[in-house]
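In what follows, a single structure is set out as structure tokens and then discussed.
The values are calculated or read from the model by the stated rules, or taken from the named source; none is laboratory data. Note that this is a predicted model, so its numbers are computed, not measured. Because the Cβ atoms are built from the backbone with ideal geometry, glycine has one as well, and the counts that use them run over all protein chains shown.
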């Protein structure tokens, strides 16, 4: 689809006004990067004068060595907060220490570093790390979450305000969601394979305000956003397994929901004041046309339950049929075994079937309503391959999405039509950081630390490609003409000379 320059300008104006209206309703400053992915998770900053060309020795305001961590930096007017852990190897992967770190925003100097206890040893898979969730700040205090501990709060000087140790979590890939703040509440979605819940904690005291059980939710890794209806109180938007749900900020009750999401959600929603955009990816077999047939649990028992104990054990899986291969321990068995006991019971089997029936894709969903809004709210679907981790970015009239191998796609957010699709030159790699937008450009960072800068327009074009020479999993922070990028060993502040 081609968009004329005039139409593109109209889209730009409409989208920019919508986003600013949406942010204004929440009292967020447009340059407030206090949580993961900036103001309400939109990934958009009003900062200008940002550098497009930079590197370890170019346009560096300062750079500070840091312990590793996948969490993204969050900002106050004079501080930067991150979480981190001591380096690990395969042999000592359970001996690391956890830290909350504060840096001076002007100079990059480390002001304080506080160690956090580790009472738990929670499952980690693939590239996830023990300091993946990003902290959140109210402009003075910092609130951090670690899957091996729980929640903890410090003031600006590094004095502990309160702590909330939490029981060990049960998530297949380890924790990914970050806490957020709304009014006086610290919100944390615990999307785990058994006993999932949504938690609200008083930010000043650490006391539980409310805790809502979500029995139909399994492992998820997505950070919430806040929605303010035109009438009525604020709502918490959580992309969950198989559905997107809106919960009341006041008491945690579920207000409305939309079914049809992927079986595992990792991305954060992009939005304007009327629609949101959310992408999800579970298995390659969740692509429409590649899905396999499954059978009810009773038939599964006849097929696999060799010892007739009413359960299906890892060692009982055999065969070369598509369902056999998916259930094999070398592929998906552990993801379906919710309590990790090496056996599938009826509930596990139902989840397996639901996961196999779900579809990957990108959806546009109308915000608001009451109850099940599935039949009314979905505006369009895009069901070609979407990224596993990075969120989309709605900025200046276009919706941007980057896939592995550096394939960047821009969409018309109204229709879902693809405007332009192409490979980012020199940035062919996996992507974990989400794109961010400011100053008329979009920044995209690959795992190997290659930063592509493209013009924020439907017919995007590459402005610059920069190499940081180090792996990067964290999403950048942007404010006041500065770009803050965290690699595995360094926090950079880039700005024009």
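Structure above, values below:
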| quantity | calculated |
| --- | --- |
| Count of residues meeting criterion [surrounded by fewer than 15 Cβ atoms within 10 Å (Cβ to Cβ), part of a loop (DSSP other than H, G, I, E, B) and touching a strand residue (DSSP E or B) at 6+ places or on another chain (Cβ under 7 Å)] in the stretch 105-149 | 3 |
| Number of the condition not met by residue 36 [criteria: (1) modelled with pLDDT of 95 or more; (2) farther than 22 Å from residue 115 by Cα] | (2) |
| Failed condition for residue 257, given (1) touching a strand residue (DSSP E or B) at 6+ places or on another chain (Cβ under 8 Å); (2) surrounded by 15 or more Cβ atoms within 10 Å (Cβ to Cβ); (3) touching a residue at least 60 places away in the same chain (Cβ under 8 Å); (4) within 19 Å of residue 40 (Cα to Cα) | (4) |
| Sole residue being assigned to a loop (DSSP other than H, G, I, E, B), over 29 Å from residue 129 (Cβ atoms) and either modelled with pLDDT under 95 or assigned by TED's automatic domain parsing to the domain that holds residue 71 (or both), chosen from 425, 420 | 425 |
| Evaluation of residue 263 against (1) out of contact with any helix residue (DSSP H, G or I) (no Cβ under 7 Å at 6 or more places or on another chain); (2) assigned to a loop (DSSP other than H, G, I, E, B) (one fails), failing number | (1) |
| Residues of the stretch 270-280 that turn out to be crowded, with 18+ Cβ neighbours inside 10 Å and either modelled with pLDDT under 95 or touching a helix residue (DSSP H, G or I) at 6+ places or on another chain (Cβ under 7 Å) (or both), as a count | 2 |
| Every residue from the stretch 270-290 that is part of a loop (DSSP other than H, G, I, E, B) and under 23 Å from residue 193 (Cβ atoms) | 281, 282, 283 |
| Cross-chain or 6+ apart pairs with Cβ under 6 Å, the stretch 404-415 first and on the phi > 0 side of the Ramachandran plot, then crowded, with 17+ Cβ neighbours inside 10 Å and not in a strand (DSSP E or B) | 406/424; 406/427 |
| Index of the failed condition, residue 67 passing every other in (1) at pLDDT 95 or above; (2) surrounded by 20 or more Cβ atoms within 10 Å (Cβ to Cβ); (3) under 24 Å from residue 104 (Cα atoms) | (2) |
| Of residues in the stretch 459-474 being part of a loop (DSSP other than H, G, I, E, B) and free of Cβ contacts under 8 Å to residues at least 60 places away in the same chain, the one farthest from the chain's Cα centre (by Cα) | 461 |
| Helices (runs of 4 or more DSSP H) contained entirely in the stretch 291-398, each with at least 3 residues that are under 25 Å from the mean Cα position of the chain (by Cα) and surrounded by 16 or more Cβ atoms within 10 Å (Cβ to Cβ) | 333-336, 346-357 |
